[in-house]
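Since the structure comes first, as C-alpha coordinates, the remarks are kept for the end.
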Amino acid sequence: MALAVTHVLVVIIILELFRYYVFEKDKFPRYLVVIGGIAGLVPDVDIPLGWFLSLVSGTTVYFHGLFTHSIFFVLLFLALAFIRHYQDDQKWAKIFAVIAVGWFFHLVLDCFYGGFSSTETKLFLWPLTIMPSFCPSWNVYLFAPHIDAILLVVWLIHEEIHGYIKKYV
Ligand SMILES: [Zn+2]
(Lines give C-alpha, C1' and ligand atoms only; values in the text may rest on other atoms or scores of the structure.)
Protein backbone atom coordinates (compact mmCIF):
# COMPACT_ATOMS: atom_id res chain seq x y z
CA MET A 1 0.00 0.00 0.00
CA ALA A 2 1.06 3.54 -0.63
CA LEU A 3 1.75 5.98 2.20
CA ALA A 4 -0.13 9.13 3.19
CA VAL A 5 1.78 11.80 1.26
CA THR A 6 1.55 9.82 -1.98
CA HIS A 7 -2.17 9.20 -1.51
CA VAL A 8 -2.85 12.92 -1.05
CA LEU A 9 -0.37 14.40 -3.54
CA VAL A 10 -1.15 12.10 -6.47
CA VAL A 11 -4.81 13.15 -6.32
CA ILE A 12 -3.93 16.83 -5.86
CA ILE A 13 -1.62 16.72 -8.90
CA ILE A 14 -4.22 14.91 -11.07
CA LEU A 15 -7.00 17.32 -10.06
CA GLU A 16 -4.72 20.32 -10.53
CA LEU A 17 -3.87 19.16 -14.07
CA PHE A 18 -7.58 18.76 -14.85
CA ARG A 19 -8.27 22.16 -13.31
CA TYR A 20 -5.60 23.74 -15.44
CA TYR A 21 -6.06 21.99 -18.77
CA VAL A 22 -9.66 20.74 -18.86
CA PHE A 23 -11.89 22.93 -16.70
CA GLU A 24 -12.03 26.66 -16.41
CA LYS A 25 -10.48 27.66 -13.11
CA ASP A 26 -13.50 29.61 -11.90
CA LYS A 27 -15.69 26.57 -12.53
CA PHE A 28 -13.33 24.39 -10.52
CA PRO A 29 -12.47 26.25 -7.30
CA ARG A 30 -9.28 25.36 -5.47
CA TYR A 31 -11.10 23.91 -2.45
CA LEU A 32 -12.19 21.01 -4.69
CA VAL A 33 -8.53 20.10 -5.13
CA VAL A 34 -8.10 20.11 -1.34
CA ILE A 35 -11.23 18.00 -0.76
CA GLY A 36 -10.13 15.51 -3.43
CA GLY A 37 -6.65 15.29 -1.89
CA ILE A 38 -8.06 14.56 1.56
CA ALA A 39 -10.50 12.03 0.08
CA GLY A 40 -7.42 10.32 -1.33
CA LEU A 41 -6.44 9.42 2.22
CA VAL A 42 -9.87 8.74 3.74
CA PRO A 43 -10.02 4.98 2.93
CA ASP A 44 -7.17 4.50 5.43
CA VAL A 45 -9.44 5.84 8.19
CA ASP A 46 -9.92 2.18 9.11
CA ILE A 47 -6.42 2.20 10.65
CA PRO A 48 -7.06 4.79 13.43
CA LEU A 49 -10.61 3.42 13.73
CA GLY A 50 -9.11 0.00 14.44
CA TRP A 51 -6.81 1.55 17.10
CA PHE A 52 -9.79 3.26 18.73
CA LEU A 53 -11.95 0.11 18.72
CA SER A 54 -9.01 -1.88 20.12
CA LEU A 55 -8.68 0.64 22.94
CA VAL A 56 -12.39 0.61 23.72
CA SER A 57 -12.91 -3.15 23.43
CA GLY A 58 -9.65 -4.24 25.06
CA THR A 59 -8.97 -6.69 22.22
CA THR A 60 -7.09 -6.20 19.00
CA VAL A 61 -9.47 -4.99 16.33
CA TYR A 62 -7.91 -4.85 12.88
CA PHE A 63 -9.90 -4.53 9.71
CA HIS A 64 -7.64 -2.39 7.55
CA GLY A 65 -8.55 -2.79 3.91
CA LEU A 66 -11.69 -4.78 4.52
CA PHE A 67 -14.47 -2.29 3.85
CA THR A 68 -13.24 1.20 3.01
CA HIS A 69 -11.00 -0.10 0.20
CA SER A 70 -13.99 -1.03 -1.93
CA ILE A 71 -14.96 0.34 -5.33
CA PHE A 72 -18.47 0.45 -3.79
CA PHE A 73 -17.67 3.80 -2.12
CA VAL A 74 -16.35 5.25 -5.38
CA LEU A 75 -19.59 4.29 -7.13
CA LEU A 76 -21.62 5.65 -4.20
CA PHE A 77 -20.00 9.10 -4.37
CA LEU A 78 -20.21 9.05 -8.16
CA ALA A 79 -23.94 8.31 -7.92
CA LEU A 80 -24.36 11.17 -5.41
CA ALA A 81 -22.50 13.46 -7.84
CA PHE A 82 -24.85 12.54 -10.69
CA ILE A 83 -27.93 12.96 -8.48
CA ARG A 84 -26.83 16.43 -7.33
CA HIS A 85 -25.91 17.34 -10.91
CA TYR A 86 -29.39 16.52 -12.18
CA GLN A 87 -30.91 18.34 -9.20
CA ASP A 88 -28.94 21.34 -10.46
CA ASP A 89 -26.75 21.55 -7.36
CA GLN A 90 -23.44 21.89 -9.17
CA LYS A 91 -21.45 22.75 -6.06
CA TRP A 92 -22.22 19.46 -4.30
CA ALA A 93 -22.10 17.54 -7.57
CA LYS A 94 -18.47 18.64 -7.92
CA ILE A 95 -17.66 17.94 -4.26
CA PHE A 96 -18.99 14.37 -4.52
CA ALA A 97 -17.21 13.93 -7.86
CA VAL A 98 -13.78 14.89 -6.46
CA ILE A 99 -14.35 12.63 -3.43
CA ALA A 100 -15.03 9.77 -5.87
CA VAL A 101 -11.82 10.64 -7.76
CA GLY A 102 -9.72 10.77 -4.56
CA TRP A 103 -11.18 7.52 -3.28
CA PHE A 104 -10.65 5.80 -6.65
CA PHE A 105 -6.97 6.73 -6.85
CA HIS A 106 -6.44 5.47 -3.30
CA LEU A 107 -7.60 2.04 -4.46
CA VAL A 108 -5.52 2.25 -7.65
CA LEU A 109 -2.37 3.15 -5.69
CA ASP A 110 -2.87 0.43 -3.06
CA CYS A 111 -3.55 -2.12 -5.77
CA PHE A 112 -0.45 -1.00 -7.70
CA TYR A 113 1.80 -0.95 -4.60
CA GLY A 114 0.77 -4.36 -3.24
CA GLY A 115 2.39 -5.66 -0.06
CA PHE A 116 -0.68 -6.58 1.92
CA SER A 117 -0.22 -9.04 4.74
CA SER A 118 -2.69 -11.88 5.16
CA THR A 119 -4.50 -9.80 7.78
CA GLU A 120 -4.76 -6.85 5.41
CA THR A 121 -7.16 -8.36 2.99
CA LYS A 122 -8.01 -5.83 0.36
CA LEU A 123 -11.54 -6.50 -0.67
CA PHE A 124 -11.71 -3.99 -3.49
CA LEU A 125 -15.07 -5.44 -4.43
CA TRP A 126 -16.76 -5.49 -0.98
CA PRO A 127 -19.60 -6.31 -0.23
CA LEU A 128 -18.80 -9.06 -2.73
CA THR A 129 -16.31 -11.47 -1.17
CA ILE A 130 -14.42 -12.02 -4.41
CA MET A 131 -10.70 -11.54 -3.98
CA PRO A 132 -9.25 -9.33 -6.70
CA SER A 133 -6.64 -10.96 -8.89
CA PHE A 134 -5.96 -7.94 -11.09
CA CYS A 135 -3.40 -6.21 -8.82
CA PRO A 136 0.19 -6.55 -10.03
CA SER A 137 2.76 -8.03 -7.64
CA TRP A 138 5.67 -5.67 -8.31
CA ASN A 139 6.34 -5.06 -4.60
CA VAL A 140 6.33 -1.30 -5.10
CA TYR A 141 5.39 -1.01 -1.39
CA LEU A 142 9.05 -1.68 -0.51
CA PHE A 143 9.85 1.78 -1.86
CA ALA A 144 6.80 3.52 -0.40
CA PRO A 145 8.72 5.75 2.09
CA HIS A 146 11.21 6.75 -0.64
CA ILE A 147 8.47 7.60 -3.13
CA ASP A 148 6.67 9.57 -0.41
CA ALA A 149 9.79 11.64 0.33
CA ILE A 150 10.72 12.26 -3.32
CA LEU A 151 7.16 13.23 -4.26
CA LEU A 152 6.92 15.68 -1.36
CA VAL A 153 10.26 17.35 -2.15
CA VAL A 154 9.53 17.61 -5.91
CA TRP A 155 6.09 19.05 -5.17
CA LEU A 156 7.53 21.59 -2.71
CA ILE A 157 10.14 22.70 -5.27
CA HIS A 158 7.39 22.99 -7.91
CA GLU A 159 5.26 25.12 -5.56
CA GLU A 160 8.23 27.37 -4.77
CA ILE A 161 9.31 27.81 -8.41
CA HIS A 162 5.79 28.85 -9.38
CA GLY A 163 5.54 31.23 -6.45
CA TYR A 164 2.71 29.38 -4.74
CA ILE A 165 4.38 29.57 -1.30
CA LYS A 166 3.61 33.14 -0.31
CA LYS A 167 3.43 33.18 3.46
CA TYR A 168 7.16 33.93 3.89
CA VAL A 169 7.43 36.81 1.43
ZN1 LIG B 1 -5.14 2.16 1.80
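The values are calculated or read from the model by the stated rules, or taken from the named source; none is laboratory data. Remember, predicted model here, so these are calculated numbers, not experimental data. Cβ: placed from backbone, ideal geometry, glycine included. Neighbour counts: every protein chain shown.
Couple of notes before you dig in:
- Exactly one residue out of V140, V108 is of a type in the set (V, I, T), surrounded by 12 or more Cβ atoms within 10 Å (Cβ to Cβ) and closer than 18 Å to A39 by Cα: that is V108.
- Some residue of region 24-40 being hydroxyl-bearing (S, T, Y) and away from the ligand (no atom under 13 Å from the Cβ): yes
- In region 108-159, residue modelled with the lowest pLDDT [restricted to those that are hydroxyl-bearing (S, T, Y) and farther than 21 Å from I47 by Cα]: S133
- Qualifying residue in region 20-42 (condition: within 26 Å of V153 (Cβ to Cβ), in contact (Cβ under 8 Å) with a residue 24 or more places away in the chain and not in a helix (DSSP H, G or I)): yes
- Within region 1-19, if we keep just the residues that are under 18 Å from V153 (Cβ atoms) and not hydrophobic (A, V, I, L, M, F, W, C), the residue that is nearest to the ligand (Cβ to nearest atom) turns out to be H7.
- Subset of region 43-87 [among the polar types (S, T, N, Q) and away from the ligand (no atom under 16 Å from the Cβ)]: S54, S57, T59, T60, Q87
- If the condition is being touching an Asp or Glu at 6+ places or on another chain (Cβ under 9 Å) and free of Cβ contacts under 8 Å to residues at least 60 places away in the same chain, then region 66-82 contributes F67, T68, H69.
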